[in-house]
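Accompanying notes for the structure given below.
The values are calculated or read from the model by the stated rules, or taken from the named source; none is laboratory data. Because the structure is predicted, anything quoted here is derived from the model rather than measured. Cβ atoms come from the backbone with ideal geometry, glycine included; neighbour counts cover every protein chain shown. Only protein heavy atoms, including side chains, enter the accessible area calculation; ligands, DNA and RNA are left aside. Shrake-Rupley method; radii C 1.70, N 1.55, O 1.52, S 1.80 Å.
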Amino acid sequence: FVFFHSRTLLFRRIASPSQLFHELPLTQQWLSYNISTFDYLIRRNFISGRAYKSLSQYPVFPWVLSDYTSASIDLSKEEVFRDLSKPIGALNEERLEGFLERYHAMEGGDIPPFMYGSHYSNVGTVLNFLVRMEPFAELAARLQGGHFDWADRLFHSIEEAWTRVLTSTGDLKELTPEFFYSTHFLRNMNVLDLGKRQDGTVLGDVVLPPWASSPEEFVRINMQALESDYVSEHLNEWIDLIFG
């Protein structure tokens with residue numbers, strides 16, 4: 001038994017992420033409802049090399065909802081969900097055309113052509129979403145030379161963040177796991193001076209969608225959406241986009 005256990009541990013240390021994933025029964029456990037969708041995704045992240053201790057390889061989760069303006073939300077309706085078969089950069093057809101035009105315009109040049117000039121997860125993405133929590137607040141200030149970024153660029157509202165990833169050519173970020181279990185990143189509990197936007201708005205707590213009366217309700221509904229049948233049926237499409 002000791003010899004077998006040692007060989008198993010050694011294999012897990014030297015195996016590639018794909019080998020390790022196929023060795024572990026994660027997908028079967030998820031399909032059998034023995035682990036939640038959240039647990040399945042976080043383990044996929046860990047196997048791929050992503051970890052909470054690394055801001056550059058922080059765990060990544062998908063935007064699962066697309067309605068952040070309605071007074072109420074019905075998770076039995078498919079139209080409230082994001083299309084998980086497409087990357088963030090392809091959700092807006094008009095913006096996608098612009099990306100494609102840039103790609104084709106770069107063909108034959110000195111720089112290899114590319115569609116997206118930003119990434120779905122990076123240090124800036126993580127610190128922007130989690131700026132109201134420590135140690136992320138201190139790290140976010142360090143990244144900007146000792147002070148927070150301009151207030152108009154900081155995470156202010158869920159609806160605005162979603163609108164940006166649909167319309168901005170430089171914003172293609174997915175979510176962090178905290179969107180599905182923590183309320184702390186939504187509250188300015190430490191009363192940080194995050195600045196004032198150009199329209200005079202002083203940044204405090206994150207502005208929630210109308211269908212969420214509190215951070216607790218937002219997280220509950222977002223988690224419920226993640227664990228929904230719709231997401232279960234289409235999650236493999238998003239996983240293929242992110243993890244291959």
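Non-local amide H neighbours of Phe81 (under 5 Å, H modeled in plane, Pro and chain starts lacking H): which ones?
Here Ser66 satisfy the definition.
Once phi is turned into ³J(HN,Hα) by the Karplus curve 6.51 cos²θ - 1.76 cosθ + 1.60 with θ = phi - 60°, what whole-Hz value does each residue of the stretch 134-140 show in order, with x for glycine and proline?
8, x, 5, 4, 5, 5, 5
From the protein chains alone at 1.4 Å, what is the descending order of accessible area for Lys196, Lys173, Lys77, Lys53, largest first?
Lys53, Lys196, Lys77, Lys173
For Met106 and Ala71, FRET efficiency with R0 = 35 Å and r from the beta-carbon atoms, rounded to 0.05?
It comes out at approximately 0.20.
Given N residues in the stretch 69-143, what is Rg(Cα) / (2.2 N^0.38 Å)?
That works out to 1.58 for the stretch 69-143.
Name the residues of the stretch 54-72 whose amide N is less than 17 Å from a point 7 angstrom out from the Cα of His119 along the C-beta direction?
Output list for this probe position: 54-62.
Could you give the alpha-carbon Rg of the stretch 196-244 over 2.2 N^0.38 Å, rounded to two decimals?
Relative to the 2.2 N^0.38 Å estimate, the stretch 196-244 comes out at 1.67.
Per-residue HN-Hα couplings for the stretch 180-194, Karplus 6.51 cos²θ - 1.76 cosθ + 1.60 at θ = phi - 60°, whole Hz, x for Gly and Pro?
Ordered by residue, 3J(HN,Hα) equals 10, 8, 10, 9, 5, 6, 9, 10, 8, 5, 8, 6, 6, 7, 8 Hz.
Along the Cα→Cβ direction, 7 angstrom out, place labels at Arg197 and Arg220. What is the inter-label distance in nm?
In this crude spin-label approximation the distance works out to 2.7 nm.
On a 0 to 90 degree scale, rounded to 10, what angle separates helix 158-167 from the longest Cα axis of the chain?
80 degrees
Using θ = phi - 60° and the Karplus relation 6.51 cos²θ - 1.76 cosθ + 1.60, list the HN-Hα couplings for the stretch 108-117 in order, rounded to whole Hz, with x at every Gly or Pro.
Listing the rounded values in order: x, x, 6, 9, x, x, 8, 8, 10, x Hz.
Output the Cα-based Rg and Dmax of the chain in Å, rounding Rg to one decimal and Dmax to a whole number.
Values for the chain (Cα only, Rg and Dmax): 19.7, 67 Å.
Toward the positive end of the charge dipole of the chain, about the Cα centre and with charges on Cβ (Lys, Arg +1; Asp, Glu -1), which of Pro113, Trp238, Ala51 goes farthest?
Ala51
Work out how much length Asp83 to Ser168 would gain on full extension: take 0.36 nm times their residue separation and subtract the Cα-Cα distance, in nm to one decimal.
28.8 nm
When the accessible area of the chain is split by element with a 1.4 Å probe, what percent falls to carbon and sulfur?
For the chain, the apolar C and S fraction of the accessible surface comes to 54 percent.
What distance in nm separates the simple spin-label points at Ser54 and Gln28, each placed 7 Å from Cα in the Cβ direction?
In this crude label model, Ser54 to Gln28 measures out at 2.8 nm.
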